[in-house]
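Notes follow the structure.
The values are calculated or read from the model by the stated rules, or taken from the named source; none is laboratory data. Everything numeric in this text was worked out from a predicted model, so none of it was measured. Cβ placement follows ideal geometry from the backbone for every residue including glycine, while neighbour counts extend to all protein chains displayed. In case anyone asks, the SASA skips ligands and DNA or RNA and just uses the protein heavy atoms, side chains included. Shrake-Rupley method; radii C 1.70, N 1.55, O 1.52, S 1.80 Å.
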Amino acid sequence: MTGTHLGMPAFPDAAREAVGDRVLRANLRHATHTIRDKRARAVAELADWDRLRAAGKAIKDHTLRHLDRYLLQLEAAVTAAGGTVHWAADAEEANRIVMELVLATGEREVVKVKSMATQETGLNEALAAAGIAAYETDLAELIVQLGHDRPSHILVPAIHLNRGEIRDLFRSEMAAWGRPAPAGLGDDPRELAEAARLHLREKFLRAKVAVSGANFMVAETGTMVVLESEGNGRMCLTLPDTLISVVGIEKVVPSFRDLEVFLQTLPRSSTAERMNPYTSMWTGTSDGDGPTAFHLVLLDNGRTDTLADETGRQALRCIRCSACLNVCPVYERAGGHAYGSVYPGPIGAVLSPQLRGTGSAIDASLPYASTLCGACYEVCPVAIDIPEILVHLRERVVQGGPVTREGVRVRIRPAHGHTAERAAMRAARILLDHPGALRAGERLLSRARRLRPRRLPGPGRAWTDTRALPEIPAESFRDWWAREGRTPR
């Protein structure tokens, strides 16, 4: 992955600052509670939701097991339909391909459909360095771009801002990017939406090149699918002469019929709608209809390495609905910026360390950005067991061990700062392997229970800063069981 957000402090430090921002916490609490309550009602309408969830998981797992075959089938179908397929091993290669395609048209500006893949690669910054202006057209992405900010949510990138802050941003920044905000602009959502519509309209009508992502790619037909709610995607996908789509390789599904499942689960899990207002599909090019040139950039950027991890690969099922963010108590309080990645929240805590590795302080800390409450797993429409992956990645951070990097199996060293944790786990293993020592330790603790400290010393201090040590019972369960005349097995 690109280093766009690297260099940030580890998650605990970034979260500590975010938690102290009362306005941010109020914005997040209001937005996440509203979205998740609406989602719960939308999901409850379907009596077969559990079966749809299981079907989505099965489709994704099957596709990942045969990803090589379906990607080649997709390439052949897109090419047969008049498109051109490019393969990008990493962010740098993807950005270079897009830059060269834009420069070849002679244009110096592009309009963009909301795309997390291009945020992941840092495409906007790469295009700017080449003298190409990239304009975000999704309302929330436009807000973030105008504010020289970073997205903080997968579905609602500007969730950390309230409408008063957005109004002030439109007033001060729109003129530098194009049509200025209307005089006397207020903070009514309809006024803000109209100001954005007027600002973007001239860009839609002028642009000759568009860049998009895709929610799904259909291998058997070469069809791209984009779901959105504002209509900006439809404008970008149909008006320009050249369309460039940058899509992660995990977004492929085998057949058109598979969309039946995801077109029910994704809208309800993301926007709490029965279906998206705009579902755009295109297959290659067609004379007199839509762009005359279509390019598909298939992005790896760590996905193949993630696929090699039997536990971690389930993160590649993700359909970017953001339901896990809206139920996560950690995300609700810390916000998305603290994760240092375009993928915040629970899914970001398991996806980013796999795509980028755990070599940086921020990535090594992300698997710990969770209470392991399991709410994320319960709402995931493709049943990603995020708590399982979090524990798996914590072990990797603490212990090191074999991983796949750029297709090569290597052994990584443990991350810094976990010496005490490793020692504690080794001591626990020795103790649990020797029942006699465990019983002796339990009896010793019981007899010394009056000496129980209020806070732990050394590395344990951080744990007891926010928690009370549990009371030590007068006798262990084993001793009670033996005293009652029962022999422990």
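Points worth noting:
- Members of the stretch 335-351 that are in contact with a Pro (Cβ under 9 Å, 6 or more places away or on another chain) and assigned to a helix (DSSP H, G or I): His337, Ala338, Pro346, Ala349, Val350
- Check on Asp309, touching a residue at least 60 places away in the same chain (Cβ under 8 Å) and of a type in the set (Asp, Glu): yes
- Breaking point among (1) at pLDDT below 95; (2) hydroxyl-bearing (Ser, Thr, Tyr); (3) under 25 Å from Phe216 (Cβ atoms), for Thr63: (1)
- Hits in the stretch 6-20 (condition: modelled with pLDDT under 90 and either of a type in the set (Gly, Ala, Ser) or outside any loop (DSSP other than H, G, I, E, B) (or both)): Gly7
- The numbered conditions (1) more than 14 Å from the chain's Cα centre (by Cα); (2) crowded, with 23+ Cβ neighbours inside 10 Å are all true for Tyr278 except (2).
- Selection count, the stretch 202-228, where residues are surrounded by fewer than 18 Cβ atoms within 10 Å (Cβ to Cβ) and out of contact with any Lys or Arg (no Cβ under 8 Å at 6 or more places or on another chain): 4
- The one condition from (1) farther than 18 Å from Tyr343 by Cβ; (2) not hydrophobic (A, V, I, L, M, F, W, C); (3) not in a helix (DSSP H, G or I) that Gly359 does not meet is (1).
- Residue count for the stretch 241-270, restricted to those that are among the aromatic types (Phe, Trp, Tyr) and open to solvent by 10 Å² or more (accessible area, probe 1.4 Å): 1
- Checking each residue in the stretch 334-369 for being aromatic (Phe, Trp, Tyr), open to solvent by less than 10 Å² (accessible area, probe 1.4 Å) and either farther than 19 Å from Arg303 by Cα or at pLDDT below 95 (or both) picks out only Tyr339.
- Identity of the residue in the stretch 281-307, open to solvent by 50 Å² or more (accessible area, probe 1.4 Å) and either at pLDDT 95 or above or not acidic (Asp, Glu) (or both), that ends up nearest to the chain's Cα centre (by Cα): Thr304
- Note on the stretch 292-318: residues that are in contact with a His (Cβ under 7 Å, 6 or more places away or on another chain) and of a type in the set (Gly, Ala, Ser) total 1.
- Selection count, the stretch 96-130, where residues are of a type outside the set (D, E, K, R), more than 20 Å from Pro157 (Cβ to Cβ) and touching a helix residue (DSSP H, G or I) at 6+ places or on another chain (Cβ under 9 Å): 5
- Checking Leu325 against (1) open to solvent by 20 Å² or more (accessible area, probe 1.4 Å); (2) in a helix (DSSP H, G or I); (3) of a type in the set (A, V, I, L, M, F, W, C), the condition it does not meet: (1)
- Helices (runs of 4 or more DSSP H) wholly inside the stretch 370-482 containing at least 1 residues that are out of contact with any Leu (no Cβ under 7 Å at 6 or more places or on another chain), of a type in the set (Gly, Ala, Ser) and open to solvent by less than 100 Å² (accessible area, probe 1.4 Å): 375-379, 419-433, 435-447, 461-464
- Strands (runs of 3 or more DSSP E) lying entirely in the stretch 149-266 (those with 1 or more residues that are without any contact (Cβ under 8 Å) to a residue 60 or more places away in the chain and β-branched (Val, Ile, Thr)): 223-228
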